[in-house]
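S.K.: Next up is a structure, given as structure tokens.
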Protein chains: 2
Amino acid sequence: MTLAHVGVGKNTRNVVGGRKLGPIGFQAAGIACGIKAVEGAKDLALIYSEVPAKVAGLFTRNRVKAAPVLYTRRSVRRGICRAIIINSGNANACTGRKGLMDAEDMARLTASVLHISHQQVLVSSTGVIGHPLPMKEIKKGIPSLAAELSPYGFGDAAEAIMTTDTYPKVAVKRLNIGGQEITIFGMTKGAGMINPRLGTMLAFILTDAEVDSGVLSNLLREGVQSTFHRITVDGDTSTNDMILLVANGAGGNSSLHHGDVRVRIFQEALFGVMDQLARAIVRDGEGRTKVVEIVVQGARSNREAEKLAFRVARSPLVKAAFFGQDPNWGRIMAAMGDAGVPFDPHKVAISFNDVLVVEGGVQAKGTGQESVRNVLRKEEFTVLIDLRRGTSQASVLTTDLSYDYVKINASDRT
Amino acid sequence: MTLAHVGVGKNTRNVVGGRKLGPIGFQAAGIACGIKAVEGAKDLALIYSEVPAKVAGLFTRNRVKAAPVLYTRRSVRRGICRAIIINSGNANACTGRKGLMDAEDMARLTASVLHISHQQVLVSSTGVIGHPLPMKEIKKGIPSLAAELSPYGFGDAAEAIMTTDTYPKVAVKRLNIGGQEITIFGMTKGAGMINPRLGTMLAFILTDAEVDSGVLSNLLREGVQSTFHRITVDGDTSTNDMILLVANGAGGNSSLHHGDVRVRIFQEALFGVMDQLARAIVRDGEGRTKVVEIVVQGARSNREAEKLAFRVARSPLVKAAFFGQDPNWGRIMAAMGDAGVPFDPHKVAISFNDVLVVEGGVQAKGTGQESVRNVLRKEEFTVLIDLRRGTSQASVLTTDLSYDYVKINASDRT
């Protein structure tokens, strides 16, 4: 597994370890077309498959859905994708009928430039809500963008979908299926409005494997449960989120069907890519100085463990204490008690990494404050909560709540 | 209605407009006994009724309940109260069996000094979780505290229950019931961990009215629904919250029973005091620069309106935008869409005070950005959300999310 942090700006590197990032038969590009106010900031990305590819998608469950979500959800049902056109800097959300027409226009113009059917062009947007898309800039940008398409363009594309992200996020995994080398490539953006049920998050995962459509949908749905649905930055869920999984079969393996033993190999690699992307989103969470994994074990059910972990992971008081490196475990207990999950406070044990802090619901005896503080000074650590009620567990990755989170969201139209 | 912000520190004034704050037959005191690290910071309060009083109480629904909550909940069931002993600076929560014994010891020592039954002494604590109470200081403090009891001691008591509050919060209402002047006095503390289902919030409401026990309980339960349960600062709910309503009958009215027309007069005044106290908590919310009322109307049910209002009121992104005075209504729409309440985004109208910002789910036409910004510059304003689905409504009072909220909670053990 290579988690590549492709450089930004002039140093953009589209090649990792001397190899192109993308799978066989895919090309990409990213340019600045003038949607973002900052001169030269990339804001338009294109992903292209040289052959028709199978596609599966998951979309935000927010009741307020952006126009590209409504448009692309419909197109994905047809199951075939040739291209994805993505803009950042404007969400095309809460934009009414004009927004829907703009999304369709983006697809049609991309299709005409690429000489493909507009029904096979998917559309995605991210950025500020409630402003009409600057279609003049986008229409001028699409032909230039298409002219830039290349197997080496994935770094530019990953950069062009960023909003408050501080770096592009990609992950690549190469695996061998029946003697064929297969690539799974993913790119994502996140930073704020991150929450399960898809925060402001776009993710595009491409593979040159040949995969049966039903398998593709199932793997995507199953994979997000343990990856993208297990991260939180601020508990806010956006209007624009989508994850697309595209398989063009250019790798040459025989198709992966239900029950095929090779599906497990592919699944493991795919979930690995999704996990890396999800973690990259949290690592680049708005203003974060910490990445904390909240693990709840000893629960009666996974659902119970998950509810508790999320309640702790979202508590502003707990997150502010992480920022302050304050071993204030009382806030963790208070958040747990408010999760609507039954447990016996007198059985709870809490550790920060391997340092036991709470035992039997009270301060653990003999634990030095200094050893606790040493853990809290780390950039990444784990809070392990043991309920001692059962055998189920769940984990959630979260950030701290910092001055910079407030600053970013108070002063920027993102 | 007099909302009295009693002065702090050396300027503590226990008299408002030349009159004592408390109702007839009540005395109070507040002293520094050494629980708080800051020299001279008041941390021990006592409320005393010269005659046995009826009492009703509501307690945190957090599953992790502090020792004084467990102790006092049991005592309140007996229905009679002579005194309330309260400490700040230490929550006596997650302190195991010792915590329960300490709470009982506080009641017993107070009772013995006042020569009353310990079963009629209620105990309340607020502060940091997980540390044993410094009983040496408290035991030394209680006799001195009792010696300070006076009808003029309510300002000191209100000061002694503060944690991160920046000023004591009291409210007084005088009313006439059948020719008798009756006083309803309330004091509260809040600041952080504020949320419905009782945040870190203590409230003590005293009246010299004679009120039937059943009426007292019903009024308390009903009153919190529209007051203390309709405020949020950070969505965190504490282990220690309690509201006690104490009626000693010293005012001399004949008892208020169910069906008595005078109950409505008393109720109105009581709810007024509770509303003032609840608003005072939000106004003193940790680090807040804004107080914003989120009103959802045109809903199919009150429950639906309430869920939506709370989802918006708790969104960190919405709250950060309030702090930044940013008219980012898209974040309000996004939060609404995530509330789990059905509505048609294309029917939504949103106003900031009387300035229409969203109409039909999109930016309202003809609204000047400057008039919107003028509202957002105010310290207090209303966000009115109309769903146009029905006739029900709900409102929630919230704060913004500021640097100082993070600072207070990252750097203080509160």
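The values are calculated or read from the model by the stated rules, or taken from the named source; none is laboratory data. Remember, it's a predicted structure, so these values are computed and weren't measured experimentally. Neighbour counts are summed over all protein chains in view; Cβ atoms, including those assigned to glycine, are modelled from backbone coordinates with ideal geometry. Just so you know, the surface numbers come from the protein's heavy atoms only, side chains and all, with ligands and any DNA or RNA stripped out. Shrake-Rupley method; radii C 1.70, N 1.55, O 1.52, S 1.80 Å.
S.K.: What residue, among those in the range A:382-404 that are assigned to a loop (DSSP other than H, G, I, E, B) and under 17 Å from B:ASN409 (Cβ atoms), is modelled with the lowest pLDDT?
M.R.: Ranking the qualifying residues of the range A:382-404, first place goes to A:SER402.
S.K.: Might you let me know whether the range B:1-23 holds any residue that is modelled with pLDDT of 90 or more, under 19 Å from B:TYR152 (Cα atoms) and of a type in the set (A, V, I, L, M, F, W, C)?
M.R.: Taking every residue of the range B:1-23 in turn, none turns out to be modelled with pLDDT of 90 or more, under 19 Å from B:TYR152 (Cα atoms) and of a type in the set (A, V, I, L, M, F, W, C).
S.K.: Quick check, is B:LEU376 surrounded by fewer than 24 Cβ atoms within 10 Å (Cβ to Cβ), at pLDDT 95 or above and more than 8 Å from chain A (Cβ to nearest Cβ)?
M.R.: no
S.K.: A follow-up question, please. Of the residues B:ALA309, B:ALA364, B:ALA299, B:ALA269, which is hydrophobic (A, V, I, L, M, F, W, C) and out of contact with any Leu (no Cβ under 7 Å at 6 or more places or on another chain)?
M.R.: B:ALA309
S.K.: In addition: Any idea which of B:LEU397, B:LEU401, B:LEU387 is crowded, with 22+ Cβ neighbours inside 10 Å and out of contact with any helix residue (DSSP H, G or I) (no Cβ under 6 Å at 6 or more places or on another chain)?
M.R.: Just a single option satisfies the conditions, and that option is B:LEU387.
S.K.: Pick from the range A:114-131 the residues that are at pLDDT below 95 and open to solvent by 10 Å² or more (accessible area, probe 1.4 Å): which of them is farthest from the other protein chains (Cβ to nearest Cβ)?
M.R.: This residue is A:GLY127.
S.K.: With respect to the numbered conditions (1) at pLDDT 95 or above; (2) assigned to a loop (DSSP other than H, G, I, E, B), which one is the sole condition not fulfilled by B:ASN195?
M.R.: (1)
S.K.: Say we look at the range A:340-371 and pick out the residues that are at the interface with chain B (Cβ under 8 Å from one of its Cβ atoms) and of a type in the set (Gly, Ala, Ser); which of these is surrounded by the fewest Cβ atoms within 10 Å (Cβ to Cβ)?
M.R.: A:GLY360
S.K.: Which condition from (1) within 14 Å of chain B (Cβ to nearest Cβ); (2) open to solvent by 10 Å² or more (accessible area, probe 1.4 Å); (3) more than 19 Å from the chain's Cα centre (by Cα) is the one that A:GLU50 breaks?
M.R.: A:GLU50 satisfies all of (1) within 14 Å of chain B (Cβ to nearest Cβ); (2) open to solvent by 10 Å² or more (accessible area, probe 1.4 Å); (3) more than 19 Å from the chain's Cα centre (by Cα) except (1).
S.K.: Quick check on my filter: what residues within the range A:324-366 are β-branched (Val, Ile, Thr) and part of a loop (DSSP other than H, G, I, E, B)?
M.R.: Within the range A:324-366, A:VAL341, A:VAL348 meet the criteria.
S.K.: Oh, and also: Tally up the residues in the range B:165-189 that are open to solvent by 30 Å² or more (accessible area, probe 1.4 Å) and in a loop (DSSP other than H, G, I, E, B), please.
M.R.: Matching residues across the range B:165-189 total 4.
S.K.: Now for a different question. Anything in the range B:60-77 that is under 18 Å from A:ARG331 (Cα atoms) and either open to solvent by 10 Å² or more (accessible area, probe 1.4 Å) or assigned to a strand (DSSP E or B) (or both)? List them, or say none.
M.R.: B:ARG61, B:ARG63, B:LYS65
S.K.: Could you list, in sequence order, the residues of the range A:326-338 that are more than 15 Å from B:ALA91 (Cα to Cα) and more than 8 Å from chain B (Cβ to nearest Cβ)?
M.R.: A:PRO327 - this is the single residue of the range A:326-338 that is more than 15 Å from B:ALA91 (Cα to Cα) and more than 8 Å from chain B (Cβ to nearest Cβ).
Conditions (1) at pLDDT 95 or above; (2) part of a strand (DSSP E or B), marked per residue:
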residue	(1), (2)
B:GLY30	yes, yes
B:ALA37	no, no
B:VAL55	yes, yes
B:LEU58	no, yes
B:ARG82	yes, yes
B:GLU104	yes, no
B:THR110	yes, no
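S.K.: Please pick out the residue among A:ALA157, A:ALA146 that is in contact (Cβ under 8 Å) with a residue 24 or more places away in the chain, more than 14 Å from every other protein chain (Cβ to nearest Cβ) and surrounded by fewer than 24 Cβ atoms within 10 Å (Cβ to Cβ).
M.R.: Matching residue, one of A:ALA157, A:ALA146: A:ALA146.
S.K.: Condition check: of a type in the set (A, V, I, L, M, F, W, C), farther than 21 Å from A:VAL406 by Cβ and within 17 Å of the chain's Cα centre (by Cα). Does B:LEU277 satisfy that?
M.R.: So B:LEU277 fits the description; yes.
S.K.: Could you run through the range A:88-104 and say how many residues are within 16 Å of A:LEU44 (Cα to Cα), more than 8 Å from chain B (Cβ to nearest Cβ) and among the aliphatic types (A, V, I, L, M)?
M.R.: 1
S.K.: Being under 23 Å from the mean Cα position of the chain (by Cα) and not in a loop (DSSP other than H, G, I, E, B) is the filter here, so list the residues in the range A:121-149 that pass it.
M.R.: A:VAL121, A:LEU122, A:VAL123, A:SER124, A:SER125, A:THR126
S.K.: Do we find a residue being closer than 30 Å to B:ARG331 by Cα, in contact with a Leu (Cβ under 9 Å, 6 or more places away or on another chain) and more than 13 Å from chain B (Cβ to nearest Cβ) anywhere in the range A:379-394?
M.R.: Checked against the condition, which is being closer than 30 Å to B:ARG331 by Cα, in contact with a Leu (Cβ under 9 Å, 6 or more places away or on another chain) and more than 13 Å from chain B (Cβ to nearest Cβ), the range A:379-394 yields at least one hit.
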